[in-house]
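Notes for the one structure printed next.
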Amino acid sequence: MVSRVIPVDEFDLVIFGATGDLARRKILPGLYRRFLAGQMPENARIIGAARSEMDDAGFKTLVREAIDEFVDKSKRDAEQIDSFVSRLAYVPIDATGEGGWDSLKQLVRQDVVQAFYFSVAPSLFGALAERLHSNNIANSLARIVVEKPFGRDLATAKALNATLAEHFHETQIYRIDHYLGKETVQNLMAVRFANILFEPLWNSQYIDHVQITVAETVGVGGRGAYYDRSGAMRDMVQNHLMQLLCLIAMEPPYHFDPNAVRDEKLKVIRALQPVPADDIVRGQYLGHKRSDGTGVPGFVEDAENPTTKTESYIAMKAEIANWRWKGTPFYLRTGKKLRARTSEIAITFKEPPHSIFDAAEGWRENVLVIRLQPNEGMNLKVMIKEPGPGGMRLVQVPLDMSFAEALGEGGTDIPDAYERLIMDVIRGDQTLFMRGDEVEAAWEWADPIINGWETRGDKPQGYDAGTSGPEDALMLMHRDGRRWREIKE
Ligand code: BG6
């Protein structure tokens with residue numbers, strides 16, 4: 001099954017910050033892959049804009065290098081790359097000054113879909129938005145795309161929303177959370193709302209608890225300064241894990257429509273309870289030095305801050321106070337430098353109300369595991385009778401489905417989250433983007449949690465790189481008579 005390519009209208013996409021890391025790693029290679037898939041109209045154009053002095057040829061070289069580095073070899077075709085880069089142009093621009101805006105105006109067409117990707121520091125969002133209007137570049141339907149971090153607390157998020165709202169209507173603002181662009185994340189909605197099977201059981205009567213794990217093997221080396229100001233709570237939980245939690249916990253929207261979906265997610269965020277200090281474990285990865293002076297840097301070294309109290313790991317128990325979920329905890333954890341790179345959601349069901357087997361030997365709970373990465377797929381653990389004449393002994397077996405196997409080529413050739421989301425922007429579909437009120441509600445929940453440990457001056461617990469995180473995180477589950485699933489690929 002090969003994935004369907006939905007055509008989009010002709011567009012001009014301007015990428016501010018086009019020479020930056022995100023543009024090189026994700027946005028430009030993603031656009032090339034969409035071009036290869038045949039999704040880019042004949043006259044679509046991509047205009048890079050950044051501070052660096054460079055001409056079109058220089059930018060084209062930069063994009064060719066990015067494709068070489070970040071696009072799979074099997075997809076690098078010299079002729080196709082030539083054709084792709086022929087659509088590129090570059091304008092050196094001063095986001096806070098006047099330089100370059102006239103040239104940009106000459107390039108951007110008024111009668112096509114306009115999209116402006118703000119791949120720059122949030123402090124520049126206001127200046128860019130203002131200049132796009134004062135220079136009469138953006139038309140009344142123009143879309144802007146903004147990246148996280150969307151604020152660092154409620155006050156800054158509100159200020160950012162207000163700044164953008166001065167120049168753009170909410171329907172024009174696309175706040176990216178790239179987790180929403182991941183194939184399996186969208187599949188959560190398909191699994192829940194396109195099957196009758198799960199939904200009747202999807203509540204606290206039948207679900208014991210939910211575990212959401214996003215484990216990474218990388219550290220923060222290279223972006224230590226940013227990360228030290230942010231930490232796992234702001235970098236991952238307030239946005240990515242929150243979005244996953246919303247998709248699992250939300251009520252069925254009346255339609256798969258941007259505002260219907262986002263209304264339901266917002267209700268979940270608003271129903272999240274404050275998290276007491278006892279229900280949170282923060283960790284920081286440790287480095288080690290050998291006697292010969294070599295070694296592995298710890299978080300302190302990566303952040304270049306010997307007194308840092310920022311967490312590179314967090315685990316917490318979150319509770320949703322509504323009819324569906326009261327009494328079913330959601331355990332969240334995410335961290336850097338852990339044993340394996342794996343992201344999954346595990347839904348553990350309750351015991352059957354009554355066992356008809358005398359000794360239910362071997363019985364274990366049903367678990368539905370949704371694997372986001374790697375090896376995207378689903379696994380439902382069910383009980384059956386152990387084969388053989390040994391009486392009624394039970395054994396748990398997996399009903400395992402990997403997208404790659406189930407869907408053939410369509411399951412392996414999954415577009416990267418960014419390329420899908422950029423095409424949604426061009427199509428004008430906001431379903432997988434965060435609305436302003438959603439972001440603010442997420443900060444409203446996160447702020448008191450962060451303020452709590454900052455006021456108390458809590459220091460995260462050290463953990464060795466390559467492990468499952470700090471010891472105390474185990475206790476978070478043990479004391480409730482539960483345990484974390486093993487972190488493994
Ligand atoms: C980013 C965070 O938003 O997501 C990073 O800033 C993190 O710290 C990354 O590594 C994880 O994304 P993915 O798609 O690799 O799981």
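The values are calculated or read from the model by the stated rules, or taken from the named source; none is laboratory data. Quick caveat, the model's predicted, so the values are computed rather than measured. Ideal geometry is used to build each Cβ from the backbone, glycine not excepted, and the neighbour counts take in all protein chains shown.
Structure notes:
- Whichever residue in the range 293-345 is in a strand (DSSP E or B) and charged (D, E, K, R) and, among such residues, is nearest to the ligand (Cβ to nearest atom): Glu344
- Flag for Asp263 being at pLDDT 95 or above, within 27 Å of Asp424 (Cα to Cα) and within 21 Å of the chain's Cα centre (by Cα): yes
- If you check Ile269, Ile314 for being buried (at least 22 other Cβ atoms within 10 Å of the Cβ), touching a residue at least 60 places away in the same chain (Cβ under 8 Å) and touching a Cys at 6+ places or on another chain (Cβ under 8 Å), only one passes: Ile269.
- Near pairs, Cβ below 9 angstrom, 6+ apart or cross-chain, from the range 213-236 (free of Cβ contacts under 8 Å to residues at least 12 places away in the same chain and over 12 Å from Ile314 (Cα atoms)) to any residue that is hydrophobic (A, V, I, L, M, F, W, C) and near the ligand (Cβ under 10 Å from one of its atoms): Tyr226/Val220
- Residue within the range 342-360 that is touching an Asp or Glu at 6+ places or on another chain (Cβ under 7 Å), small (Gly, Ala, Ser) and closer than 24 Å to Asp464 by Cβ present: no
- Scanning the range 118-156 for residues that are touching a helix residue (DSSP H, G or I) at 6+ places or on another chain (Cβ under 9 Å) and away from the ligand (no atom under 16 Å from the Cβ) yields a total of 20.
- In summary, Gly287 fulfils each of the numbered conditions (1) closer than 24 Å to Ile487 by Cα; (2) surrounded by fewer than 17 Cβ atoms within 10 Å (Cβ to Cβ) with the single exception of condition (2).
- Any hit, the range 164-182, residues being among the basic types (Lys, Arg), at negative phi, at pLDDT 95 or above and within 16 Å of the ligand (Cβ to nearest atom): yes
- Selection status of Tyr90, hydroxyl-bearing (Ser, Thr, Tyr) and under 30 Å from Phe403 (Cβ atoms): no
- Meets criteria (crowded, with 21+ Cβ neighbours inside 10 Å and on the phi < 0 side of the Ramachandran plot) for Leu372: yes
- Residue within the range 221-242 that is surrounded by fewer than 22 Cβ atoms within 10 Å (Cβ to Cβ) and at positive phi present: yes
- Taken over the range 252-263, the criterion of being within 25 Å of Pro329 (Cβ to Cβ) and either touching a Lys or Arg at 6+ places or on another chain (Cβ under 7 Å) or crowded, with 18+ Cβ neighbours inside 10 Å (or both) is satisfied by Pro253, Val261, Arg262.
- Verdict on Lys336 being at pLDDT 95 or above and within 15 Å of His240 (Cα to Cα): yes
- Tabulated pairs, the range 175-186, first farther than 16 Å from Glu344 by Cβ, second among the polar types (S, T, N, Q) and at pLDDT 90 or above, C-beta under 7 angstrom, 6+ apart or interchain: Asp177/Asn239; Asp177/Gln243; Leu180/Gln243
- Some residue of the range 333-348 being under 30 Å from Pro7 (Cβ atoms), surrounded by fewer than 20 Cβ atoms within 10 Å (Cβ to Cβ) and under 27 Å from the mean Cα position of the chain (by Cα): no
- 2 or more residues more than 16 Å from the ligand (Cβ to nearest atom): qualifying helices (runs of 4 or more DSSP H) within the range 185-280: 242-249, 258-271
- Selected residue (only one of Asn195, Asn239, Asn259, Asn187 is over 26 Å from Asn375 (Cβ atoms) and among the polar types (S, T, N, Q)): Asn259
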